[in-house]
Amino acid sequence: MKTKGKALVKQLCICCKEEGKSSNKEHVFPQWILKKTNTFSNPIKGTAGTKKIPGKHSVIPICIECNTALGNILENPVSRILENIEAGKGFSDYEAELLIRWMWKITGMFYWLERAKDKGDYGFINIKERCLKNIEMPRDRISLAVSLIENEWVEKFNQSPMGIDVIPENSNVLAAGVFNKIALIVYYTEFEKLVPELFTKYKLSNIPSMLNPNNRIYPKTGFKKGNEAVGKTTLISNGLLLKVHENEALKQMINAIKATKENDESLPEEFKTYINERIKNSND
C-alpha cells in the first residue's frame, strides 16, 4: 500500500466520502468470516501489498454512521445467507442482491487501499450509495455466480479460503472471492458465457422480490478442494472476464465525457462537475 494511499483513507470516510466525521476501524473482512475460516489470527495477504498480516489487523477507518449501517444492512444478513447456502438451503433473489452488494463493499475497500490516489478515483457513486441502496432497474443486467466446495479446509495453512480474487482498475461491477465453502463471482449478465459451468449462474430478477419469495436457487458443488476453488476463481476473474468489464467501464466513461462536453441536460449537474474534475485531473 502506497504512502499516498494511506494518507487518503485517513482524510475521509471511504464509504460516504465525507471528511471530518468521527470514525472507527472497520475490518475489511468481517470478523465473523475471519473466525469461521481461522484467519482472524493467521497471517493473510490483503491490505499491505505482498506482506501478510493477521486478519484482525486488516482494518480501514470509516465513519461510525457508515460502519453501523454496513453491519445492520449487509454484514449481519450476509453472515446468515452464507450459512444457509453452506447448509444446502440455497438463496433467494433478494439474498443474491445482498451478496452482490457485500462483494462490492469488500472490493471497494480494497480499491481504496490498493489503487485510489484521489477521492474521485472510485467513481461518482460512493461505497455507501452503491452498497447500502437497492440495485436500480434493470436489475437483470447484474448476475451472481455461486459454487460450493466439497472439502474447503487447506491443511497447509490450517485455514479455509477467505479473500477476494480480483481488484479491477476501472470496473465497479466485477467482483470475485472465495469464503470458506463458497466461491462467488459478480458480473454483467451479458458476459455470462465467460463464467464456466463450475458455477451456478443467477441473473437478478426484474420482478419485485415480494412476488416470488419462495423461489430459491441451489448452487452446485463445482470444486473438490479449497485451493482449487481459489486458483480457478482467480484465473477466471483476472482473465477475459476482467478485460471485458474494464473495456465496458472505459466505454461508459467515454460516453459520459462526450455527454458532459455536449452539455446533455439529462445529466445531473453534480455528475457533470465530477466528470469535468476527472478530465482536469487527467490533463494535469
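In this rough spin-label picture, where each label sits 7 Å from Cα along the Cβ direction, the Ile125-Glu192 distance is 2.1 nm. Taking a ≥ b ≥ c as the square roots of the Cα gyration tensor eigenvalues, with a/c under 1.5 meaning rounded and otherwise prolate when a/b beats b/c, else oblate, which class fits the stretch 84-222? Oblate.
Treating r as the C-beta distance of Leu240 and Gln31 and R0 as 35 Å, the FRET efficiency rounds to 0.50. Here the stretch 57-167 exposes an accessible surface that is 49 percent carbon and sulfur, computed with a 1.4 Å probe and the other protein chains kept in place.
With the simple model of a label 7 Å out from the Cα in the direction of the Cβ, Asn84 to Ile64 spans 3.3 nm.
Legend: Rg and Dmax of the stretch 133-284, from Cα coordinates, 18.9, 59 Å.
So, with a 1.4 angstrom probe, what is the percent of accessible area on the stretch 186-261 that is carbon and sulfur?
Working: 2710 of 4560 Å².
The value for the stretch 186-261 is 59 percent carbon and sulfur by accessible area.
Largest first and in whole Å, the equivalent-ellipsoid semi-axes of the chain read 30, 24, 18, each the square root of five times a Cα gyration tensor eigenvalue.
The values are calculated or read from the model by the stated rules, or taken from the named source; none is laboratory data. Fair warning: this is a prediction, and the values are worked out from it, not measured in the lab. We place every Cβ from the backbone using ideal geometry, glycine too, and count neighbours over all the protein chains shown. Surface accessibility is based on the protein's heavy atoms, side chains included, excluding ligands, DNA and RNA. Shrake-Rupley method; radii C 1.70, N 1.55, O 1.52, S 1.80 Å.
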